[in-house]
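All remarks here apply to the structure that follows.
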Amino acid sequence: MKKGLLLRGPVEYWEQKKKRHMNATVLVGCVFLLYCTSGVCSFFSEVIRPAGGLQAYIEQWSGAGLGGLGILAGVAAMFLMLARVIYRIFASQLHLWNDAAERVTVIKTYLALAEKGHAKEEFLAGLMNRLFAPASDGVVKDDLGSVGPIDAVVRQITGR
């Protein structure tokens, strides 16, 4: 009974943390979708439509030099870099939400076993190890690898 009362505090803490990360995940996911949708819609309404359609836009660029293409590539790269940052924040919040939910499940499972008299002392040690394991910061490792030449050079220098 004492263990059950002592574990109610961590359950409440991790449930609150789970809710905060769930809300942050939904919010950042909506920001990501809004950012991408508004970027694509703006591109079509401000660039493609005034040019007379996609075919006419492509024909306008047929005579463009490297400077013009560089500017277009730079703007696209900036848009994609910010989208990538927003997505990584989303993935991090999703990871932390999942971690908090797992900790709540572990505690509640132990409490259910303890209530029925099936919990043993070695279960408590495993529970405490999981409950007090160092929590990651939530930053998810980037799976894209080198995106541009600077990333490739940094990867070669650092060996990661």
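Please treat every number below as a calculation from the coordinates, not as lab data. Computed from a predicted structure; not experimentally measured. Neighbour counts are summed over all protein chains in view; Cβ atoms, including those assigned to glycine, are modelled from backbone coordinates with ideal geometry.
The table that follows gives values for the structure above.
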quantity: Lysine pairs within the stretch 1-136, Cα separation less than 17 Å, 8 or more sequence positions apart or different chains; calculated: 11
quantity: Cβ-defined net charge surrounding Thr25, 11 Å radius [Lys, Arg +1; Asp, Glu -1]; calculated: +3
quantity: q = 0.15, 0.18, 0.20, 0.22 Å⁻¹, the stretch 26-141: log10 I(q)/I(0) [Debye, one scatterer per Cα]; calculated: -0.82, -0.99, -1.07, -1.16
quantity: Inverse of mean 1/r across different Cα pairs in the stretch 1-76, Kirkwood, Å; calculated: 16.9
